[in-house]
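One structure is given below, encoded as structure tokens.
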Protein chains: 2
Amino acid sequence: MAKVNADLQRERNKCTFNIAELTTFIDGGTDKTAERKERENILTSRNTELSPVPEEYLSHKEKYENAVRNSVVLFGLVRKMQEEGKTSVTNYRDVVSGLLGSSTTRDGSPLGLHYIMFMPAILNQGNEEQQAQWLPRAWNCSIIGSYAQTELGHGTFIRGLETTATYDPSTKEFVLNTPTLTSYKWWPGGLGHTANYCIVVAQLYTKGQCQGIHSFIVQLRDEETHEPLPGIKIGDIGAKLGLNAVNNGFLGLDNVRIPRNQMLMKHVQVLEDGTYVKSKNSKLNYGAMVFVRVVIVFDMVNYLSKAATIAVRYSAVRRQCQLKEGQPECQIMDYVTQQHKLFISIAACHALRITGNKLWETFYAVTEELGGGNLDRLPELHALACCLKAVSTADTAAYVERCRLACGGHGYMHSSNLPLTYGLVTAACTYEGENTVLLLQTARFLVKTWQGVDNVKLTPTVEYLKTTRARGFYDKWENSVECIIKGFQIVAMRKISSSVENMQKRIAAGMSLEDAWNMTSIQLVAAAEAHCRVIILSTFYEEINRVTSTFSHELRLVMLQLVELYAVYWALEKIGDLLQSVSIDDKDIKKLGEWYEEILLKLRPNAVGLVDAFDIRDDMLQSTLGAYDGRVYERLMEEALKSPLNAQPVNETFQKYLKPFMQGKL
Amino acid sequence: MAKVNADLQRERNKCTFNIAELTTFIDGGTDKTAERKERENILTSRNTELSPVPEEYLSHKEKYENAVRNSVVLFGLVRKMQEEGKTSVTNYRDVVSGLLGSSTTRDGSPLGLHYIMFMPAILNQGNEEQQAQWLPRAWNCSIIGSYAQTELGHGTFIRGLETTATYDPSTKEFVLNTPTLTSYKWWPGGLGHTANYCIVVAQLYTKGQCQGIHSFIVQLRDEETHEPLPGIKIGDIGAKLGLNAVNNGFLGLDNVRIPRNQMLMKHVQVLEDGTYVKSKNSKLNYGAMVFVRVVIVFDMVNYLSKAATIAVRYSAVRRQCQLKEGQPECQIMDYVTQQHKLFISIAACHALRITGNKLWETFYAVTEELGGGNLDRLPELHALACCLKAVSTADTAAYVERCRLACGGHGYMHSSNLPLTYGLVTAACTYEGENTVLLLQTARFLVKTWQGVDNVKLTPTVEYLKTTRARGFYDKWENSVECIIKGFQIVAMRKISSSVENMQKRIAAGMSLEDAWNMTSIQLVAAAEAHCRVIILSTFYEEINRVTSTFSHELRLVMLQLVELYAVYWALEKIGDLLQSVSIDDKDIKKLGEWYEEILLKLRPNAVGLVDAFDIRDDMLQSTLGAYDGRVYERLMEEALKSPLNAQPVNETFQKYLKPFMQGKL
């Protein structure tokens, strides 16, 4: 291994806590760390077989071809792990959509949706025979599936989908059609040129009646030749901001016939004669949506850990300007403005991961209750997943850009891996529920809860709506994390109550409920966000206080500093809300600012240690600026030299265009 | 021309003002509109010769080759305009770095720096003989130049540049060297494979003494063969988030000798014997920096106009969800949250353009004063340009992303042109002075001004620092634009005064000035930003009130609504600052929110008209979502079909990788 940059080494030497102890905590135990490391070893074991030209130099088509090549290597290893019994639902999540998926196949994978959506859909919506028929082939990748719901003209409003599946009792088949341009399926990953099967979501028509949207297994391509089947119009949707290796596709269906048993029939059936037998419980589908949104929260943590690692290490290596005339140039991390840009990302990684874990636990608890027929906590869980997905993706996108910009010009280089990371993160603000739409769903739950606040027993995450109003809950401001949490609770409660009040006023003035909702929606979105901030901050605070009781003194201290940083940072960001809701004066705010500056200084010596603890291997980080050894400039040059443009000293356009132009001939 | 989308046509029908009247105002007069249109006609006249495959499908190398091909077409037309006397400094700015430059050569041009930096540097820093020698050849592109200042290890801190130019009196030459890896020049546009000459900024050594940084004209490549000359190591720095057609390059110099008269000697000289003759006025260089920063503000306006046009038109065409059960799906622009996302961008285009114009005027006035030896207003101008560049780029980046995200999934498609636009805009946050660094420069001026506030006559843009403290300046809050401006002035004044106070406290406690500055820098940055918001808002307000007195009643009404929107939007964004600085209570804030919602509703019917008035041709907008006819879905599909991946129904990776993998053989 090359020599580590001296500045970076010095940072490591002065780290006050045991890095391995923190890594173990992040992983969830020494066994989990070992498991992760083994998984990483396996999944990177064939990295030498991957294509040598960095993806950023390839054309759109080459990126796809590269992704297929790399994906079969990666998923071949996943299949091997499956065969050896080394996958469970938990690490499956990590393998497919987490850190690893995005290292071997940096910009997404055309096989991702097969694992994340195709198989789970059959598992959740297929009956036993269907599962027996399809899952084994899908599991060992004899068939590759995609999941086609979104259309060119419809994303958010699923009820408005235009694709139809009409039952024909004479042949016992469904006939699928995309009757308009806007009904073309658009976006599904792997659909373009990779998948040969697909779940298609369509409006079911039987006996002349529309029964709403249902899922159908449709074969797209011949298993031998991969040629599209008759009636299938299919292709790539084109280049995107990111995720260019995902092979997002479009799909037109022209009288495509499939047998009756290819409608997924676990919860609903069309009998041979076309009789529609309804599902008992339509809410069961929420489970899958919640699951995906929890996975997204963990994705965000992974991406943010990467960005923070890159920006912090670079800021230790990069020296620029003199703090004092005549002194050597200083590490840019010594600038307080730089600390202000970076350290919140470190704290947010922990805050979001811990809140995600909590949501994950709740998800399992509620799923078990569901099995027993108890649906009480489902609305709460759904509301929680909605706002947490929205806030975690929006925050992470902002943090990642902040990290990228903090790396100056070099952060703009693809080889820093920050642009790609941003592309992946910002996509999550839109997919699986657009953020504003999701926050309004949370708001709907909060409004309903608020309207019953005095009569109904509140579920845990909204209990504060009652307690904040109790006498003695809040007396006067003090600069403590506890008080900030209380303040945030009051802010959220007031935003919710004031939204409800405004809506009622509008309705009383003659507006329809829907118009009043729309007119109040800016406030409602803000209320849902405020609620989410309460959840994240209080969970982070409580969990860190709980778990660190068994930590070494040094690590406990640092973790508590991170909680403080997170709380104070957000208190200052939302100071306008606090000023409107609680008694906080100029002097308090001034002290809050000073407190913030102090925590930055305290965290400064441990910044590199804190990102080292994320324990991201160089071959997964894939960043010239962030590698463990800090050889920033050497790596930048090495990567530049891989540019195919540099293979020739003179590009052929000189003779063809430039020279004639310079001679005035063009 | 294809039929216009019915929803979009309906929007146009209900527009209350005369669109052409607004366009004329934006251009600056009917003659200017005509001039712009003629220029656009000329510069797009050879568009059919441009390469047919959309840039986003090309490899990094192909993007460069495509850019050279397109650039010689574009700049051939520019040269023709020059020959016909159709360029002046004003439209030159538009031609090279504005709207047009980014349409024909969407992702930047390798010839851009030749016009923006190489020629101006010779003009500003070269003596008469040097100008006579070099400018004619540069002007008609017989030589192509770049400008190499930034190094791998140095950007912000110019004094720290490591490249050396050592005068050798025996041969009357300078010997140029990049003695370390970190001293390699890195970033200059066109440097990689395009330019054959370059201005190199280096530390001048003569008679054994370092005289600081100076500029040198260095030949890089043979004029006939384009081969790099001996001692020149040169190439492409690799792929970036955006600007991939710019051909940013690196440059290493190994004992490269140039004649003495290739040091630019307008302000400074090295005599034949090596004697160094100093410049009389080193501040003269500020002029060029200010110029570039003003140009950047106008660039931002152009990009933002594009993004707003795209997002607003798409939001009129896109229908999604029902506001009321049973009704048809509604245009997404009818959602108040969508209006909240979009309309601020329209207002900001005008606010920033008008402030940019003002800065431009000031720039000319001060430049004239400089000619007369009066340097009084230079520090103010410099401070203004710094903060305006920082705030306009940061705001525009945020607005553009907001527009992109408001277009949902389709905004993530490259064919929307929103991802590329963001890539170009966010780059400006870093180049020509990193934003935080620039805000701290403005802060330095503000602190100095504050310290002399009672003794010195204040320059116009900071006069409010005195007036805000006068008795009767502010009594009580009222919800008006005037009061918001006053509020912002008090906020800025208080932020500056409190920063100074905190610094003094720290110094009194024994801290060095530099450490106190660093510890206070988060506040200082906020103070500079607050100052800039005062300038933008008050300029926008005053100018619109002034000029609209001759407008038609309908247009005047709409323009005043935009000023209100801008003021209220930013008042609500900075409500925490206002609460800390002026007497504004809960009821005021509530009313402010209602006011904001009302303006959104008022602007809603004119939204499409407002972006139509930006008058951006389809071939310059280059967006599937934003074209004038609103054929969104048709264009999305048409662009997708151009993907080279769609040329074959089965990609060759199926036989090579996918099939063997599916059969378990890989």
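Side notes on the structure shown:
- In the range B:322-352, residue farthest from the other protein chains (Cβ to nearest Cβ) [restricted to those that are among the polar types (S, T, N, Q) and not in a helix (DSSP H, G or I)]: B:GLN331
- Test: residue in the range B:380-392 that is surrounded by fewer than 24 Cβ atoms within 10 Å (Cβ to Cβ), part of a helix (DSSP H, G or I), within 11 Å of another protein chain (Cβ to nearest Cβ) and of a type outside the set (Lys, Arg): no
- Verdict on B:ASP376 being more than 26 Å from A:LEU152 (Cβ to Cβ), modelled with pLDDT of 90 or more and more than 14 Å from chain A (Cβ to nearest Cβ): no
- Which listed residue, of B:VAL297, B:VAL268, B:VAL277, B:VAL292, is buried (at least 21 other Cβ atoms within 10 Å of the Cβ) and more than 10 Å from chain A (Cβ to nearest Cβ): B:VAL297
- B:TRP570 being under 31 Å from the mean Cα position of the chain (by Cα) and either farther than 20 Å from B:LEU352 by Cβ or free of Cβ contacts under 8 Å to residues at least 12 places away in the same chain (or both): no
- Test: residue in the range A:448-466 that is among the polar types (S, T, N, Q), surrounded by 21 or more Cβ atoms within 10 Å (Cβ to Cβ) and away from chain B (no Cβ under 13 Å): yes
- Matching residues, the range A:234-256, being surrounded by 14 or more Cβ atoms within 10 Å (Cβ to Cβ) and farther than 13 Å from A:GLY190 by Cα: A:ALA239, A:LYS240, A:LEU241, A:GLY242, A:GLY252, A:LEU253, A:VAL256
- Long-range neighbours under 6 Å by Cβ, at least six apart or interchain, first residue more than 10 Å from chain B (Cβ to nearest Cβ) within the range A:57-85, second assigned to a helix (DSSP H, G or I) and surrounded by 18 or more Cβ atoms within 10 Å (Cβ to Cβ): A:LEU74/A:THR104; A:LEU77/A:LEU43; A:VAL78/A:VAL95
- Any strands (runs of 3 or more DSSP E) falling wholly within the range B:208-321 and containing at least 2 residues that are under 32 Å from the mean Cα position of the chain (by Cα), of a type outside the set (Gly, Ala, Ser) and not assigned by TED's automatic domain parsing to the domain that holds B:ALA427: B:209-219, B:232-236, B:249-253
- Selection count where residues are of a type outside the set (Val, Ile, Thr) and part of a strand (DSSP E or B), scope the range A:135-174: 11
- Residue match in the range B:553-561 (condition: in contact with a Lys or Arg (Cβ under 8 Å, 6 or more places away or on another chain), under 28 Å from A:SER583 (Cβ atoms) and either outside any helix (DSSP H, G or I) or modelled with pLDDT of 95 or more (or both)): no
- Considered as a group, the residues in the range A:198-207 that are of a type outside the set (Gly, Ala, Ser) and in a strand (DSSP E or B) include one that is farthest from the other protein chains (Cβ to nearest Cβ), and that residue is A:THR206.
- Subset tally (residues that are within 20 Å of B:ARG159 (Cα to Cα) and either polar (S, T, N, Q) or within 12 Å of another protein chain (Cβ to nearest Cβ) (or both)) for the range B:208-222: 3
- Cβ pairs under 9 Å, 6+ apart, first in the range A:654-666 and without any contact (Cβ under 8 Å) to a residue 60 or more places away in the chain, second in a helix (DSSP H, G or I) and among the hydroxyl-bearing types (Ser, Thr, Tyr): A:TYR657/B:SER71; A:LEU658/B:SER71; A:PHE661/B:SER71; A:LEU666/A:TYR657
- Top-ranked residue of the range A:467-507 - restricted to ones that are in contact (Cβ under 8 Å) with a residue 40 or more places away in the chain, surrounded by fewer than 22 Cβ atoms within 10 Å (Cβ to Cβ) and of a type in the set (S, T, N, Q), ranked as farthest from A:GLN561 (Cα to Cα): A:SER497
- Filter result for A:ARG604 (modelled with pLDDT of 95 or more, surrounded by fewer than 22 Cβ atoms within 10 Å (Cβ to Cβ) and over 30 Å from B:ASP222 (Cβ atoms)): yes
- Filtered residues of the range A:468-498 (kept if at pLDDT below 95 and under 30 Å from the mean Cα position of the chain (by Cα)): none
- Failed item, numbered, when A:VAL270 is tested on (1) in contact (Cβ under 8 Å) with a residue 40 or more places away in the chain; (2) touching a Phe, Trp or Tyr at 6+ places or on another chain (Cβ under 9 Å); (3) over 22 Å from A:ILE217 (Cα atoms): (3)
- Answer residue from the range A:643-666, given it is of a type in the set (Lys, Arg) and surrounded by fewer than 17 Cβ atoms within 10 Å (Cβ to Cβ) and is nearest to the other protein chains (Cβ to nearest Cβ) among those: A:LYS656
- Listed by first and then second residue, the pairs linking a residue in the range B:223-236 that is more than 9 Å from every other protein chain (Cβ to nearest Cβ) to a residue that is of a type outside the set (Ser, Thr, Tyr) and outside any strand (DSSP E or B), with Cβ atoms under 6 Å apart and 6 or more places separating them unless they lie on different chains, are B:GLY231/B:ASP254; B:GLY231/B:ASN255; B:ILE232/B:LEU220.
- Of all residues assigned to the range B:326-343, none qualifies as being under 21 Å from the mean Cα position of the chain (by Cα), at pLDDT below 95 and among the polar types (S, T, N, Q).
- Elements of type helices (runs of 4 or more DSSP H) contained in the range A:569-657, each with 3 or more residues being closer than 30 Å to A:ASN13 by Cβ: A:586-603, A:607-612, A:618-621, A:632-641
- B:ASP585 surrounded by fewer than 21 Cβ atoms within 10 Å (Cβ to Cβ), in contact (Cβ under 8 Å) with a residue 60 or more places away in the chain, farther than 22 Å from B:TYR314 by Cβ and within 12 Å of chain A (Cβ to nearest Cβ): yes
- Selection within the range B:175-197 - in a strand (DSSP E or B) and more than 20 Å from B:GLY153 (Cα to Cα): B:VAL175, B:TYR197
- Condition check for A:ALA20: modelled with pLDDT of 95 or more and outside the structural domain of A:CYS349 (by TED's automatic domain parsing): yes
- Filtering the range B:612-629 for residues that are within 28 Å of A:SER109 (Cα to Cα), within 14 Å of another protein chain (Cβ to nearest Cβ) and not aliphatic (A, V, I, L, M) leaves a non-empty set.
The values are calculated or read from the model by the stated rules, or taken from the named source; none is laboratory data. This structure is a prediction, so every number in the text was calculated from the model and none was measured. Note that each Cβ is placed from the backbone with ideal geometry, even for glycine, and that neighbours are counted across all protein chains shown.
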